[in-house]
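All remarks here apply to the structure that follows.
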Ligand SMILES: [Zn+2]
């Protein structure tokens, strides 16, 4: 069975919101749990700390601290190793262990402080999505009208993330900020959970020009299982629909620059045949029908491994 590296899920945020859930026990409400990771052969999972925008300024940074505490108290351990360095990542792969990488989704939780960014980093956070859907001190999200690019503070954040070896994630950012980040970042950047705009015209998806530029910089995009980022038709979505996105990414030269970022536990509606992490086995079977095994391995984990090994220190 092919190993899976999933570059985005909100399981940690869900565990923080619904304290009765146990990551090590199967539960209908949890799309990514340890038993589901085992079923789907998910080896490496990025766990994003997403702070809902309803949490007021002054409480957001602390909410991330609570999620990080929850991770070390209830999630990380012998069965799921915290991955904080290139060496941790390599050891995980060599020893066939499972690991998790901590991200923060949206710099609104950063509350405008580089000290706080460095503190997160010291606590093990290794990537950040620069924005969620709205404006923050770093840049504007994709749902802002008349969006601007990176602010002066945003430029400092990008440079500091480069210096610390943190992964810069441009999913959710509005186009001006996307282009500023690509121009400024010394390291490849990723779009952890975004699909193809040409096939589904949604502000969260990427244009062909954006994808080509991301690939040229050595970055990787993660196709995501959010049904309304796959088609704008009001109907049930299936893996076959997502394969059209994958085909298009490959036609732009993306065979070495595409993976998956499920957004599990951040979505309520799912594909008909892809509802939780355990279903990665169904996705693997579908991919093997259409692609060579060597390509499927790239999509399932190798492309993410390469870019994370490149950026982490
Ligand atoms: Zn998201």
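Comparing 195, 87, 303 in a Gaussian network model of the chain where C-alpha atoms under 10 Å apart are linked, the largest mean-square fluctuation is found at 87. Could you list the residues of the range 47-71 with an amide nitrogen less than 17 Å from a label point located 7 Å from the Cα of residue 19 in the Cα-to-C-beta direction? Answer for this model: 62-71. Each of 285, 36, 105, 28 was scored by other Cβ atoms within 10 Å of its Cβ. Listed from fewest to most, they are 28, 285, 36, 105. Under 16 Å from a point 7 Å along the Cα-to-Cβ line of residue 184: which residues of the range 60-82 have their amide N that close? What the label zone holds, given the 16 Å backbone N cut-off, is no residue at all. Extending 7 Å from Cα along the Cβ direction at residue 27 and again at residue 289 yields two label points whose distance is 3.4 nm.
Pairwise Cα separations in the chain fall into 10 Å bins from 0 onward with the following percentages, short to long: 6, 30, 39, 22, 3, 0. Using the Stokes-Einstein relation with a Kirkwood hydrodynamic radius computed over Cα pairs, the translational diffusion coefficient of the range 108-173 at 20 °C and a viscosity of 1.002 mPa s comes to 181 µm²/s.
Considering only the Cα atoms of the range 229-313, their convex hull presents on average a projected area of 6.5 nm².
Full extension of the chain between residue 119 and residue 85 gives 10.6 nm of extra length, using 0.36 nm per residue less the Cα-Cα distance. Of 214, 152, the sequence from fewest to most neighbouring Cβ atoms within 10 angstrom is 152, 214.
The length gained on full extension between residue 55 and residue 74, counted as 0.36 nm times the residue separation minus their Cα-Cα distance, comes to 4.5 nm.
Which number comes out as Rg/Rh for the range 157-313 once both Rg and the Kirkwood Rh are worked out on C-alpha atoms? Provide the component values of the computation, followed by the final result.
Values: Rg = 15.1 Å, Rh = 15.8 Å.
Checking Rg against Rh, the ratio lands at 0.95.
Determine the percent antiparallel among the DSSP beta bridges restricted to the chain, to the nearest 5.
On the way: 1 of 29 bridges.
Looking only at bridges with both residues in the chain, the antiparallel portion is about 5 percent.
Since every read-out is calculated from the coordinates, none of them should be taken as a lab result. Given the structure is predicted, the values throughout are model-derived calculations rather than measurements. Positions of Cβ are generated from backbone atoms using ideal geometry, with glycine treated the same way; all protein chains shown enter the neighbour counts.
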